[in-house]
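**Q** Sharing a structure with you now.
Quick note: the coordinates plus some simple rules give every number you see, no bench work behind them. Predicted, not measured: the structure shown is a model, and the values here were computed from it. A quick note on method: Cβ atoms are made from the backbone with ideal geometry, for glycine too, and the neighbour counts reach across all protein chains shown.
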Amino acid sequence: MDGYRVFLTTCDSYLPALRPMAWMMNKYWKPLPEVVVMGFKPPDFELPGNWTFHSVGKQEDYPFDKWSNAFIKFLDEVPDEVFLLMLEDMWPIRKVDTEALVILYRYMLQFEYVAKMDLCGDRLYAMGMIPYGFVNRLDLIKSLPASQYHLSLMPGFWRKKHLLKGMVLNESPHNTEIWGSERLALHQDVIVLGTRQWPLRICLALRGGNAGALLLDEIESGDVE
């Protein structure tokens, strides 16, 4: 029941980001989760033992503005109904509250109307959130459907069938977040939650899409070395 899997999405040019991601996860994420990488060409370096690589085809068949095609294909090929979704440059920078992750994963399994459980500060600092009770030691917050990036790809647990309600073919990740938020908001029978405790703290190391310009200001100097 506690065996959630982490899905990381990547592309051929960002494969090198998997190595620091693995290093940071190994340091800060205990016990280590099972990780599945969705990509195209497998990396030319060895992945950790708890990682597997799932190719959805050739990169040239899925240009940037067809990212959603590749991701929908991936979701169709994996059995997980609830999973933790991250992108390859969302590196953990502090000790992960893995106990909190288990609590929230169990909550997702219990309440099928929850589409997403945000695990960082994305919903906490979004315009449009309200308190939503608590589970165990965690204070829950609810993302209002009209809030910006209601369907955010920042780290969180997702229920597959609800995520797919916000997705269509032929969209980039950014457009999926923007237009997918509007589509998901139309479904009044599902909600997006987060917590005040922020159990997973990450940096966006490749923000802006420049693989040659790492943004390391939030990472401790020892980790940068």
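**Q** When 1/r is averaged over all different Cα pairs and the result inverted, which Kirkwood radius in Å belongs to the range 5-224?
**A** Evaluated on the range 5-224, it is 17.7 Å.
**Q** Return the calculated 222 nm mean residue ellipticity for the chain, to the nearest 500 deg cm²/dmol, obtained by summing -39500 (n - 2.57) across DSSP H runs with n ≥ 4 and dividing by the residue count.
**A** My calculation for the chain gives -7000 deg cm²/dmol from helical runs alone.
**Q** Going highest first, how would you order 12-19, 189-196 by mean Cβ packing within 10 Å?
**A** 189-196, 12-19
**Q** Follow-up question, since we're still on this one. Excluding Pro79 itself, calculate the net charge of residues whose Cβ lies under 14 Å from the Cβ of Pro79, where each Lys or Arg counts +1 and each Asp or Glu counts -1.
**A** -1
**Q** Further, regarding this structure: Would you please name the chymotrypsin sites (Phe, Trp or Tyr not before Pro) within the range 22-64 that are DSSP coil residues with at most 11 other C-beta atoms within 10 Å of their C-beta?
**A** Passing both the DSSP loop test and the Cβ count: Phe45.
**Q** Cut-off is 10 Å between beta-carbons; in what order do Asp217, Asp122, Asp80 appear when sorted fewest neighbours first?
**A** Taking fewest neighbouring Cβ atoms as first place, the list is Asp217, Asp80, Asp122.
**Q** Could you run the Karplus curve 6.51 cos²θ - 1.76 cosθ + 1.60 with θ = phi - 60° over the range 62-77 and give me ³J(HN,Hα) per residue in whole Hz, x for Gly and Pro?
**A** 9, x, 3, 7, 10, 4, 4, 4, 5, 5, 4, 4, 4, 4, 5, 9
**Q** Starting at the first residue of the range 216-223, write each ³J(HN,Hα) from the Karplus equation 6.51 cos²θ - 1.76 cosθ + 1.60 with θ = phi - 60°, in whole Hz, x for Gly and Pro.
**A** Residue by residue, the range 216-223 yields 10, 4, 8, 9, 4, 4, x, 6 Hz.
**Q** Mind ordering 147-157, 175-185 by average Cβ neighbours within 10 Å, highest first?
**A** Output ranking for 147-157, 175-185: 147-157, 175-185.
**Q** Can you give the local net charge around Lys165? Use residues other than it whose beta-carbon is closer than 12 angstrom to its beta-carbon, Lys and Arg +1, Asp and Glu -1.
**A** Summing Lys/Arg as +1 and Asp/Glu as -1 gives +3.
**Q** Kindly put Ser68, Ser143, Ser221 in sequence by how many other C-beta atoms sit within 10 Å of each C-beta, fewest to most.
**A** Listed from fewest to most nearby Cβ atoms, that is Ser221, Ser68, Ser143.
**Q** Within the range 1-96, which GluC sites (Glu not before Pro) sit in a loop by DSSP and count at most 16 neighbouring Cβ atoms inside 10 Å?
**A** The qualifying sites are Glu46, Glu81.
**Q** Right, another one. Apply the Karplus parameterisation 6.51 cos²θ - 1.76 cosθ + 1.60, with θ equal to phi minus 60°, to every residue of the range 182-191 and state each ³J(HN,Hα) to the nearest whole Hz, in sequence, with x for glycine and proline.
**A** So the Karplus estimates, Gly and Pro as x, are 5, 5, 5, 5, 6, 8, 6, 8, 10, 9 Hz.
**Q** Placing unit charges on C-beta atoms (Lys and Arg positive, Asp and Glu negative, everything else neutral), compute the dipole magnitude of the chain about its Cα centre in debye, rounded to 20.
**A** So the magnitude is around 560 debye.
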